Amino acid sequence: MKFGIVVFPGSNCDRDMQDALQNELGKEVVMLWHKDKDISMFSTDDCIVLPGGFSYGDYLRCGAIARFSPMMESVIDFAKRGGKVLGVCNGFQILCESGLLPGALLPNAQQQFVCKNVYITDDAKTPLMVPVAHGEGRYYAEENVLDELEAAGQVMFRYCDEKGNIEPLSNPNGAMRNIAGIRNKENNVFGMMPHPERAISPALGNIDGIQVFKLLGLN
Amino acid sequence: MPSLVNKQSPFKFLLKGLFLFKKIYSCLLAPLSYLRTAMEINVQTARQLRLTDEEFELIKKVMGRTPNFTELCAYSVMWSEHCSYKNSIKWLKTLPRDGKRMLVKAGEENAGLMDIGNGFGVVFKIESHNHPSAIEPFQGAATGVGGIHRDIFTMGARPIASLNSLRFGNLNEAKTQHLVAGVVHGIGHYGNCFGVPTVGGEVYFEERYHTNPLVNAMSVGIVRNGETISATAEGLDNPVFIVGSATGKDGMGGASFASADITAESVEELPAVQVGDPFQEKKLLEACLEIIKTGAVVGMQDMGAAGIICSTAEMSAKGGVGMEIDLSRVPTRQKNMKAWELLLSESQERMLIVIQKGKEESVLKIFEKWDLPCEQIGRVTDNGLLQFYMNGQLEASINAESLVLGGGAPQNDREYKEPAYFEKIKAFDPGSITLSEDLKSVAKKLIQIPNIASKRWISTQYDSMVGAANLSTNSPSDASVVLAKGTGKALAMTVDCNSRYVFADPYKGGMIAVAEAARNIVCSGAEPIGVTNCLNFGNPFDPEVYYQFVYAVKGMGEACTRFDTPVTGGNVSFYNQNPDGAVYPTPTIGMVGVIDDLEDKMTMDFKQQGDVIYLIGESRNDINCSEYLHKLKGVEYSPAPHFNIEEEFEVQQAVRQLIKKKLLQSAHDISEGGLITTLLECGFPRRLGFDVQQSATTIRKDAYWFGEAQSRVVVSCTLKNAEELLTQLKSLNVAYEYLGIVTENNIDMEGEYWGHIDDWKELYDTAIEKKLTSVEKGGESSEPKSSKEEAVKQGITLKGEVKGI
């Protein structure tokens, strides 16, 4: 599996993602400039990553402008053809703005940026320590959408405590139902607020991010 | 010579000016309209521009004529303290500024550059943004961060980390809460978006910063040797470009604004605070690093204080050339800007770049890629003159050299005398202080003092992990340790200054600031290599304030020499003063160290139950200047704590050797809050307790547990290594004593049970949050109440209007 990482002018986790995929997971990585459109080098078995950052400054709504960029047109098309797309943090926001994933990311409940290690889990058993760093990461969707997501098993990660208990105090941003990451129905588009690429290097003392990529099927 | 007198009709100006700018430029407008109508430049004009009578005479002498208004404005900002260091340079020159790792001379470039080996250099600098932050905390702090990062990447280095040193008044005050929230939000807003992690810092709350908060920001970057860019202009006819944001009227005269006391009228000067755009700066960073690779760049300088005039003057003076600049070509965000406004504007996110003639295309293509406006505004000349044209008319003609530090800018000798309050300090009798409560109650209060308690309410608002290189996230050290990717090394960095010590004894306090920084670096397993400093003082015309400055610099100099950490550059911020007095003298030290072998990195937290705890350094019968004495006993005047530079040096050498020999599990120095605070902080990260007792029985209990005598480090080692550690300690030239052992989670103090570590951690972690919850909830209590503060509030609204123009 080959990876493409979209670089918006305000992306600031693009190189971290590149380091993680290339150096730590040994993947082939191609950097994709936001003004370009050509992604013909990728097949639908490959994965395009929208990294964290502030795509176009995010002075409007996070990701609201990025979805209209030339590269995003190609990425949206790629996703619709079944290609794998992962959005992390700002990337998740862009995916929601693009309509590739349901819901929206609202300003954190505490009205402050938050950066710290949190725990997330896919099954309420194995907590993984992964950092978050965002000002607008409160996942929101209508109740019926949330019910559908849960029924279809599309909620991939929820915030939990260090023992794996999904409880309100472990929720860093007030996300509905502690949702940290979701996927689409077709299981090829993934979005999450926590940064697995920041938890992947043994030198940093945390490699739980590797498990995140495994759970996403992107290892 | 063409006429230098502005021919603008006074009438026209008055009408337009009064109508359009009355609200925003109330301060600047008054002198301006007077000048333009009268059009007579005299000593009154000079005074209104904050030049002294002597300086005005000097300008006339240098120019051989009376300057016009535009020229006088140029001198006014370039000879302000902020740009010229006129009242500090004499003493700054006494600091040690040479060393084997220095790759550029101190003050030669925008920031210090030191060799870290393997073909790489570290670029670092600290700078103040105190005055803007006092008036408009959010933008003031944000642009402070933006400005310091520009100083780093203008040299071709990529910033990898930032730190900050913040000082506020009493945290119980609504005004302080408002400032803390605004400054922290501003730093976070800029740094988080720009994408450089904020990895460390210090925050103090003292009454003396109530009106004058301090906001010092430091940036650290990495550059491959030989790929740096100098802030110089060379080569006749080489084109001069301005790149980045359009120029507006924000930040007008900020450099001279920063060179005056803050008074009730300061809120009227709001336009002197700039507005930041981190997204623009992020693009500027990437583009600037990319253009260096073209080999076409002759020189580059960011525009911070004093905007176009400063960058053109400094680059020209450095290269021994002149420049011909057509100001009408500068992209503007407002119509009808005057020449002096264009020269002085401190609009953010702009660079001045000199490119080799004929190679412009390769550079322009890169700026186009990043959607950054880039305009040729002039060319390099060989006559040493800065000639500014506007619509074909020469507006100003000034010798570049005469404007800059080291050239024509004045260098003053200021008077100083021993402060009268020293008598009160000498009169302090520690015998008058008694430990009136049990140790445990005092310790509980101590760790909840905002100066000591966890700053997590602040630090979690900063992205500390972007870059995936912060080695302190999951294993904390006394200094922040950041991987310098690609170099095979890590850097340790810290900002330190206990300003109350400096207040008590400027000389000793200056030494302690350096010593503590070095101690933090050493306790992280690194070798300290260099210093950048931010010297925050009151009004230099006050001889007692100037005494603090002179002696603090002397102390810093001596300590920097002893620790072999030359001063690579920095910043002086005077006039941190208001009608009630000056701030504590605050010479903030930013220090960088290198870890050659990552195996040598040392952390501050206890590792496991059963490990043995030792104190390296000597316990002293000393409560002077401690948080215990100041905050809990209410004593404002006491001498600085015990400090002996040789003793300090030996302790640091000892800790370094023990780390190298892999004998230590943890090392954490003793600072504010004394030994008990250090032990608790060692226990918090892994929620381990300790069982300790006082072995030096001749020392009063409060001094032993809460005293802040310097040169002491708490270390732990495994039981297995304890004997070897003792053998080593005996052979080293340091005092040491056994304190006890690490426990599972209980705290036992001299046989008395003090409870579970989690309970103490809870108190420590939440002390600041509890005071700030009203701000978080947007409660009424956080709103400024007084009329003056009301004006500040209105000012903030005004600021939004400026941004929207």
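The values are calculated or read from the model by the stated rules, or taken from the named source; none is laboratory data. Note that the coordinates shown come from a computational prediction; the quantities given were computed from them, not determined experimentally. Cβ: placed from backbone, ideal geometry, glycine included. Neighbour counts: every protein chain shown. These area figures cover heavy atoms from the full protein model, side chains too; ligands, DNA and RNA do not enter into them. Shrake-Rupley method; radii C 1.70, N 1.55, O 1.52, S 1.80 Å.
Going by accessible area, probe 1.4 Å, with all protein chains left in place, what is the ranking of B:LYS282, B:LYS455, largest first?
Final ranking, largest accessible area leading: B:LYS455, B:LYS282.
What's the buried accessible area, both sides, between B and A using a 1.4 Å probe, rounded to 100 Å²?
So the total buried area for this chain pair works out to about 2600 Å².
Determine which aspartates and glutamates satisfy two conditions relative to B:LYS105: a Cα distance under 20 Å, and not lying fewer than 8 residues away in the same chain.
Reachable aspartates and glutamates: B:ASP115, B:GLU127, B:ASP151, B:GLU227, B:GLU234, B:ASP302, B:GLU314, B:GLU401, B:GLU558, B:ASP564.
Of the accessible area of the range A:3-216, with the probe set at 1.4 angstrom, what percent is carbon plus sulfur?
Its accessible area is 50 percent carbon and sulfur atoms.
Quick query: amide H of B:LEU386 versus all other amide H atoms, modeled in the peptide plane; which residues come in under 5 Å with a sequence gap of 5 or more or a different chain?
Distant-sequence amide H within range of B:LEU386: B:MET323, B:ILE398, B:ASN399, B:ALA400.
Rounded, prolate or oblate: pick one for the range B:400-550, where a ≥ b ≥ c are the square roots of the eigenvalues of its C-alpha gyration tensor, a/c under 1.5 means rounded, and failing that, prolate if a/b is larger than b/c, else oblate.
oblate
What's the longest piece of chain A with no exposed GluC sites (Glu not before Pro), counting a site as exposed if DSSP puts it in a loop and it has at most 11 other beta carbons within 10 Å? Each step should come with its number before you reach the end.
Values: sites that count: A:GLU142, A:GLU162, A:GLU186.
Longest gap between qualifying sites, sites excluded: A:1-141.
Select from the range A:52-121 those chymotrypsin sites (Phe, Trp or Tyr not before Pro) which occupy a DSSP coil region and have at most 16 other Cβ atoms within 10 Å, ordered by residue number.
A:TYR59
Students often get this wrong: which residues of the range B:553-576 have the backbone nitrogen under 19 Å from the point 7 angstrom along Cα-to-C-beta of B:ASP600?
Those under the cut-off are B:562-566.
Relative to the longest principal axis of the C-alpha atoms of chain B, give the angle of the C-alpha long axis of helix B:278-292, reported between 0 and 90° and rounded to the nearest 10°.
Once rounded, the angle reads 80 degrees.
To the nearest 500 deg cm²/dmol, what mean residue ellipticity at 222 nm is calculated for chain B from DSSP H runs of n ≥ 4 alone, each contributing -39,500 (n - 2.57), summed and divided by the residues?
-11000 deg cm²/dmol
Show me, for the range B:300-307, the HN-Hα J-couplings you get by feeding each phi into the Karplus relation (A = 6.51, B = -1.76, C = 1.60, θ = phi - 60°), rounded to Hz, glycine and proline as x.
Ordered by residue, 3J(HN,Hα) equals 8, 9, 7, 9, x, 4, 6, x Hz.
For peptide B:465-477, how many partner chain Cβ atoms fall within 10 Å of a residue's Cβ, on average?
Partner Cβ neighbours, averaged per residue: 6.
Taking K and R as +1 and D and E as -1, what net charge do the other residues with C-beta under 10 Å from the C-beta of B:GLY221 add up to? Let's see the in-between values first.
Working: positive: B:LYS125, B:ARG158; negative: B:ASP151.
For residues surrounding B:GLY221, the net value is +1.
Per-residue HN-Hα couplings for the range A:30-36, Karplus 6.51 cos²θ - 1.76 cosθ + 1.60 at θ = phi - 60°, whole Hz, x for Gly and Pro?
3J(HN,Hα) across the range A:30-36, in whole Hz: 10, 8, 10, 7, 4, 7, 7.
Kindly provide the helix-only [θ] at 222 nm of chain A, computed as the sum of -39,500 (n - 2.57) over DSSP H runs of four or more divided by all residues, to the nearest 500 deg cm²/dmol?
My calculation for chain A gives -5500 deg cm²/dmol from helical runs alone.
Going by a ≥ b ≥ c, the root eigenvalues of the Cα gyration tensor, does the protein assembly as shown fall in the rounded group (a/c under 1.5), the prolate group (a/b larger than b/c) or the oblate group?
Taking the square roots of the gyration eigenvalues as a ≥ b ≥ c, the protein assembly as shown is oblate.
Going from most exposed to least, what order do B:HIS189, B:HIS129 have by accessible area with a 1.4 Å probe? All intermediate terms of the calculation are to be shown ahead of the outcome.
Working: B:HIS189 60, B:HIS129 30 Å².
Largest accessible area first, the list is B:HIS189, B:HIS129.
Quick check on my link table: of B:LYS125/B:LYS417; B:LYS249/B:LYS283; B:LYS86/B:LYS417; A:LYS27/A:LYS80; A:LYS116/B:LYS125; B:LYS417/B:LYS701, which ones sit more than 29 Å apart, alpha carbon to alpha carbon?
Pairs exceeding 29 Å: B:LYS125/B:LYS417; B:LYS417/B:LYS701.
Starting from the Cα gyration tensor of chain A, take the square roots of the eigenvalues, sort them a ≥ b ≥ c, and report rounded, prolate or oblate (rounded when a/c is under 1.5, otherwise prolate if a/b is larger than b/c, else oblate).
Here chain A falls in the rounded category.
Can you tell me the length gained on complete extension of the stretch B:ASN172 to B:GLU361, counting 0.36 nm per residue apart and subtracting the Cα distance?
That works out to 62.3 nm of additional length.
Helix B:360-369 versus the longest principal axis of chain B: what angle, 0 to 90°, nearest 10, using Cα atoms?
Its long axis makes an angle of about 60 degrees.
Per residue, what accessible area does the range A:31-172 have, given a 1.4 Å probe and all protein chains present, in Å²?
Using a 1.4 Å probe on heavy atoms only, each residue of the range A:31-172 averages 41 Å².
A 18 angstrom limit on the alpha carbon distance is what I want to check against. Which of B:LYS607/B:LYS770; B:LYS61/B:LYS90; B:LYS445/B:LYS761; A:LYS163/B:LYS770; B:LYS631/B:LYS771 exceed it?
Too far apart for the 18 Å limit: B:LYS607/B:LYS770; B:LYS61/B:LYS90; A:LYS163/B:LYS770.
Give the long-range amide H neighbours of B:VAL203: residues separated by 5 or more places, or on another chain, with amide H under 5 Å away, using H modelled in the peptide plane at 1.01 Å from N.
Correct list: B:LEU166.
Tell me which aspartates and glutamates have Cα within less than 16 Å of B:LYS661's Cα, excluding those fewer than 8 residues away on the same chain?
Those aspartates and glutamates meeting the cut-off are B:GLU527, B:ASP596, B:ASP597, B:GLU599, B:ASP600, B:GLU723, B:GLU724.
Can you list the residues of the range A:1-31 whose accessible area drops by at least 10 Å² going from the chain on its own to the full set of protein chains, with a 1.4 Å probe?
With the partner chains in place, the range A:1-31 has these residues losing at least 10 Å²: A:PRO9, A:GLY10, A:SER11, A:ASN12, A:ARG15, A:ASP16, A:ASP19.
What angle do you read, to the nearest 10 degrees and between 0 and 90, between the alpha-carbon axis of helix B:69-78 and the longest principal axis of chain B?
Helix B:69-78 and the main axis of chain B meet at about 20 degrees.
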